[in-house]
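A.B. asks: Structure provided below as structure tokens; questions to follow.
The values are calculated or read from the model by the stated rules, or taken from the named source; none is laboratory data. None of these values were measured; they are calculated from a predicted model. Quick reminder, even Gly has a Cβ in these numbers, built from the backbone with ideal geometry, and neighbours come from all protein chains shown.
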Amino acid sequence: MSAYMDRGIIKWNAFDALAGYSSMLGEMRYRLGKKDRPRLSDDAYEEMNRQLQTALVTNAEIEVKYHRDGYVRFTYGKIKKVDFTTKEIVLSTWERFKAEDVLEITLS
């Protein structure tokens, strides 16, 4: 019998020699992945307005595609409130986003 004991995956773990280096790389990847908000046509705005009105009247669940902090994100829920003074949409999940950041509204 041999006294050799394999270290397994431990020998392949990355070595973090510089403090904060991996977090800096993650932050850099995040910043480089950001994109500008896409521009929408007037037809797209009209279609979103129709979808929004339909969802408000029927209390239907919607999927919202919106732009925040350089990234396109998705969420879903029912519309709880449309605030015209701050131009925000509030969903039943208490998520708030600006109306100008909305890219697409789809009825579920």
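A.B. asks: Could you look through the range 71-93, keep only residues that are of a type in the set (A, V, I, L, M, F, W, C) and loosely packed, with under 15 Cβ neighbours inside 10 Å, and pick out the one that is nearest to residue 37 (Cα to Cα)?
C.D. replies: In this case the residue turns out to be 72.
A.B. asks: Is it the case that the range 15-28 has a residue that's among the aliphatic types (A, V, I, L, M), surrounded by fewer than 14 Cβ atoms within 10 Å (Cβ to Cβ) and at pLDDT 90 or above? Break it down stepwise before answering.
C.D. replies: Filtering the range 15-28 for residues among the aliphatic types (A, V, I, L, M) gives 17-19, 24-25, 28.
Checking which are surrounded by fewer than 14 Cβ atoms within 10 Å (Cβ to Cβ) leaves us with 17-19, 24-25, 28.
Filter again for at pLDDT 90 or above, leaving 28.
Yes, the conditions are met somewhere in the range 15-28.
A.B. asks: Return the only residue of 39, 7, 96, 68 being modelled with pLDDT of 90 or more and loosely packed, with under 11 Cβ neighbours inside 10 Å. Don't jump to the end; show me each part of the working.
C.D. replies: Working: 7 fails: modelled with pLDDT of 90 or more; 96 fails: loosely packed, with under 11 Cβ neighbours inside 10 Å; 68 fails: loosely packed, with under 11 Cβ neighbours inside 10 Å.
Within the list 39, 7, 96, 68, the selection yields 39.
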